[in-house]
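Below you'll find the structure, written out as structure tokens, and then a few comments.
The values are calculated or read from the model by the stated rules, or taken from the named source; none is laboratory data. All of these numbers come straight from a predicted model, not from anything done at the bench. Please note: Cβ atoms are built from the backbone with ideal geometry, for glycine as well, and neighbour counts cover all protein chains shown. The accessibility values were calculated without ligands, DNA or RNA, using every heavy atom of the protein model including side chains. Shrake-Rupley method; radii C 1.70, N 1.55, O 1.52, S 1.80 Å.
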Amino acid sequence: MFFHQKRLQYFTPPEKPDPVYAKKMQELIGGSFGEMTVMMQYLFQGWNCRGPAKYRDMLLDIGTEEIGHVEMLATMIAHLLDNAPIKMQEEGAKDPVVGAVMGGTNPRDAIAAAMNPQHGIVSGGGAMPADSVGFPWNGRFIVASGNLLADFRSNLHAESQGLMQAVRLYEMTDDRGVRDHLSFMIARDTMHQNQWLAAIEDLQSEGYEETVVPKIAYEYGKNEFAYQFWNHSEGEESAQGRWAKGSSIDGKGEFEYVANPQPIGPEPNPPQPDPRLHGTAKTPQASQPATGEPNMVERVVDVIDKITPGGQE
């Protein structure tokens, strides 16, 4: 069960409205690495966790925290949109540079072109579950595989990208209120990166997974290729990297640099299309379907009928 406390985790209102910056800040809500993504990612990982209780509890702790971050950003965007077109129109009209660039057009038109029009048309001056170009948030952004080490690495990636975006947005504004607000979120993302690194360390020290996930992969793979670095582009500067020589990171092999990798498989020879699908075969004769025979769909339905209880015998 979830409880909502009306007080925000942290909030400092902006010094003035700024609809253009509100559009940019949408990335931190509904972007692929935004707070909606990590919120849902951590919650689903927690709900699906079958491992030790400390990992499930930690995931639900941080997932719930991220719900609060979405609310903080939504509140900030609402303040940035508050009466923004009118106020910015008045300020823009006073600026001769703006007037020259606009070429005598209405300042309101220039403002409307720069801001997200859906903030005025769809959400009524509020935040939206979308990114900075209006693309709706998508559940396919989230990762919840059931393997905690694989998931924690994805979480570290998400927090790294999210923090990068928050820092960039911090540097895009001089508004002291917005900067103060973002400084809290930057600090929390810093903690979260450290948290996932610590969680990865815990999992590995407790023997749940090794460097390569899943660890059973070593038994299945063709290990003569498992530690070769293949040079698939011009130049051999990549030979200077840690990945090209010495012991592998998992300790199970030696890195080998292959300067001129060669194909191992044959040329492809795909099977010819069933003529009833009307594809293009190697010869015109092979493309002609035999008359009176059922098409592919009919044949599939016939097979299903035969193997389904109650179907035709």
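Filtering the range 250-291 to residues that are among the hydrophobic types (A, V, I, L, M, F, W, C), at pLDDT below 95 and surrounded by 11 or more Cβ atoms within 10 Å (Cβ to Cβ) leaves Leu277, Ala281, Ala286. Among the criteria (1) open to solvent by 40 Å² or more (accessible area, probe 1.4 Å); (2) modelled with pLDDT under 95; (3) not acidic (Asp, Glu), the one Pro107 does not fulfil is (1). Scanning the range 42-90 for residues that are of a type in the set (A, V, I, L, M, F, W, C), modelled with pLDDT of 95 or more and open to solvent by less than 10 Å² (accessible area, probe 1.4 Å) yields Leu43, Leu59, Ile62, Met72, Leu73, Met76, Ile77, Leu80.
The set of residues in the range 204-234 being of a type in the set (A, V, I, L, M, F, W, C) and over 20 Å from Leu149 (Cβ atoms) consists of Phe225, Phe229, Trp230.
A Cβ distance below 8 Å, combined with a sequence gap of six or more or placement on separate chains, defines the contacts here; from the range 29-50, residues that are farther than 14 Å from Ile67 by Cβ reach residues that are of a type in the set (Lys, Arg) in the pairs Cys49/Arg56. Of the residues making up the range 110-152, those that are open to solvent by less than 50 Å² (accessible area, probe 1.4 Å) and within 20 Å of Gln195 (Cβ to Cβ) are Ile142, Ala144, Asn147, Leu148, Leu149, Ala150, Asp151, Phe152. Contact annotation: residue pairs with Cβ atoms under 6 Å, 6 or more positions apart or on different chains, pairing a residue in the range 222-239 that is touching a residue at least 12 places away in the same chain (Cβ under 8 Å) with a partner that is part of a helix (DSSP H, G or I) and of a type in the set (A, V, I, L, M), are Phe229/Ala244. Taking the conditions exactly as written (surrounded by 10 or more Cβ atoms within 10 Å (Cβ to Cβ), closer than 30 Å to Gly207 by Cβ and modelled with pLDDT of 95 or more), does Trp230 satisfy them or not? Answer is no for this residue.
Each residue in the range 1-29 was checked for being in a helix (DSSP H, G or I), open to solvent by 40 Å² or more (accessible area, probe 1.4 Å) and of a type in the set (A, V, I, L, M), and 1 pass.
Annotation: Ala127 fulfils all but one of (1) in contact with a helix residue (DSSP H, G or I) (Cβ under 6 Å, 6 or more places away or on another chain); (2) in a helix (DSSP H, G or I); (3) modelled with pLDDT under 95; the unmet one is (2).
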